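The values are calculated or read from the model by the stated rules, or taken from the named source; none is laboratory data. The shown structure was predicted, so the numbers you read here are calculated from the model rather than taken from an experiment. Cβ placement follows ideal geometry from the backbone for every residue including glycine, while neighbour counts extend to all protein chains displayed. With ligands, DNA and RNA removed, areas are computed over all heavy atoms of the protein, side chains included. Shrake-Rupley method; radii C 1.70, N 1.55, O 1.52, S 1.80 Å.
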Amino acid sequence: ADTWRHAGRPADAGPRSDLARLDAQRLNSQLRLSGLLATAVFAVMVASDLLMLTTLDFSRPYSFWTDAPGLPQRQVTVGYYLGVLTIPFYVVGGWHLSLAIRPAGAWASRWVLGAIGYTACLSTVWHAAFAFTRSILRAEIAAGTSVGAGSGSALAFGTYAVPLFRFGLGIAGSAFLLAFGLALLGRTHYPRWAGVALPAIYLLVAVLLE
């Protein structure tokens, strides 16, 4: 009688149920907090890219190679530092996804967190490459040398920045595909529709910013 209560349930079922409920509440809080922080990081990075790379005049076509040299230096500098100091916080997005897919297993959670954290490091170099390439481009224009496909600025960007970006894109892409695929299978804390909605939103934003 001392070890069983309420129709044969173990005596410790109540405390265990309370602990499970507290764990669920803690997880929900972490998911909300990390999701909000990841959204804020994304918004700051959008502002950073607009400042560092564009004329902020969206009524005409934009080309980095023709417009970047004429951008105000202060605007570019603010965008550069805003991005470089914010990109490491992309890890928060990795933390959010790793929490969300935890039901699929520790291996999936760890891979997503590690892949996004690693990609964040590479993304810092990619972001900074635009500012450095712009400086080379300005020096070429000042010296009266030709700019374009065969120029030093294009060579440096194509050699050091683009391959790194593609490599990082592959690593991050594997994490996102895993997370969204698991969501479609119902093996995450996301609803199944998130496996379609989240990548669709990502692609929409990417197209709008292109």
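With Cα atoms as the point set, the chain shows a radius of gyration and Dmax of 23.3, 94 Å.
Contact order for the chain, expressed relative to its length and based on alpha carbon pairs under 8 Å spaced 6+ residues apart, stands at 17 percent.
On the protein heavy atoms, probe 1.4 angstrom, tell me the percent of accessible surface of the range 49-208 carried by carbon and sulfur. Its accessible area is 72 percent carbon and sulfur atoms. Against the criterion of solvent-accessible heavy-atom surface with a 1.4 angstrom probe, LEU122, LEU169, LEU51 sort, most first, into LEU169, LEU51, LEU122. Please report, ordered by residue number, every helix of the chain (full DSSP H runs) that is 15 Å or longer along its axis going by C-alpha atoms and whose mean Kyte-Doolittle hydropathy reaches 1.6. The qualifying helices are 162-184, 194-209. Annotation: for a label point projected 7 angstrom from Cα along Cα→Cβ of SER63, residues of the range 126-169 with backbone N closer than 11 Å are 148-149. Farthest towards the positive end of the charge dipole of the chain, among the residues PRO199, ALA154, PHE58, is the Cα of PRO199, using unit charges on the Cβ of Lys, Arg, Asp and Glu. Estimated from the Cβ-Cβ distance and a Förster radius of 41 angstrom, the FRET efficiency linking ARG187 and LEU50 is about 0.65. Once C-alpha pairs closer than 8 Å and six or more residues apart are averaged by separation and normalised to the residue number of the range 93-210, the relative contact order reads 30 percent. Sparsely packed loop sites in the range 125-210 (the chymotrypsin sites (Phe, Trp or Tyr not before Pro) outside DSSP H, G, I, E and B with at most 14 other Cβ atoms within 10 Å) comprise TRP193.
With Cα atoms defining each centre, the range 142-210 and the range 38-73 are spaced 17 Å apart in the structure. Note on ARG166/ARG16: beta-carbon distance plugged into 1/(1 + (r/R0)^6) with R0 of 41 Å gives a FRET efficiency of 0.25. Under the convention that each Lys and Arg Cβ holds +1 and each Asp and Glu Cβ holds -1, the size of the dipole of the chain around its Cα centre is about 520 debye.
Potential lengthening of the chain between TYR81 and ALA24 amounts to 16.7 nm, from the contour at 0.36 nm per residue minus the alpha-carbon distance.
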